[in-house]
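Contents: one structure, followed by commentary.
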Amino acid sequence: MKVTRIKNDTPDWFDLEISEKIDIRNKLLRKYKRTNLNIDWDLYIEARNSVFRVIKNKKENFITKTLEENVNNPKKLWDTIKSLGLPSKHISNGRICLNQENKIIFDTYKITENFKDFFFKTSFKFGFKITPSTKYI
């Protein structure tokens with residue numbers, strides 16, 4: 001008798017081909033651990049890379065096919081994008097910083113001043129006359 005674990009939450013792109021390649025890869029790794037031979041290691045690396053390529057291709061094809069099927073229906077298209085892992089709302093807690101002359105600037109006012117100066121100076125290079133205003137948001 002052989003005990004097999006069946007998972008219900010496998011992705012839609014996961015199929016028998018991927019499962020078989022993963023089994024082969026795992027057997028080769030176990031063999032390498034037993035023998036510790038370089039040839040077994042090379043075979044394992046080949047199998048590992050093959051699994052990676054197959055998974056990448058299957059995912060890519062599945063996503064492309066799913067998006068193409070729903071391209072004419074915006075609601076289903078966005079539902080599909082969300083189901084593929086794209087968050088519905090983007091919340092960023094990151095801070096904007098600027099590296100100027102090897103100094104990291106975090107102050108938003110100083111960053112906007114640097115951008116203003118950059119664009120002001122650039123406009124003169126191209127012959128545009130821009131008068132800088134004194135208030136910035």
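Observations on the model:
- Being modelled with pLDDT of 95 or more, touching a helix residue (DSSP H, G or I) at 6+ places or on another chain (Cβ under 9 Å) and loosely packed, with under 13 Cβ neighbours inside 10 Å holds for only one residue in Arg34, Arg48, Arg25, and it is Arg34.
- Residue check, Phe128 over 30 Å from Glu60 (Cβ atoms) and modelled with pLDDT of 65 or more: no
- Those residues of the range 51-82 which are surrounded by 12 or more Cβ atoms within 10 Å (Cβ to Cβ) and either touching a strand residue (DSSP E or B) at 6+ places or on another chain (Cβ under 7 Å) or farther than 17 Å from Asp15 by Cα (or both), in sequence order: Leu67, Glu69, Asn70, Lys76, Leu77, Trp78, Asp79, Thr80, Ile81
- Residue match in the range 31-47 (condition: under 23 Å from Ser83 (Cα atoms) and assigned to a loop (DSSP other than H, G, I, E, B)): no
- Residue among Ile81, Ile105, Ile96 that is of a type in the set (A, V, I, L, M) and either at pLDDT 80 or above or over 25 Å from the mean Cα position of the chain (by Cα) (or both): Ile105
- Selection status of Thr4, modelled with pLDDT under 95 and in contact with a Ser or Thr (Cβ under 7 Å, 6 or more places away or on another chain): no
The values are calculated or read from the model by the stated rules, or taken from the named source; none is laboratory data. It should be emphasised that the depicted structure is a prediction, and the values quoted were computed from it without experimental measurement. No Cβ is skipped: glycine too gets one built from the backbone with ideal geometry, and neighbour counts run over all protein chains shown.
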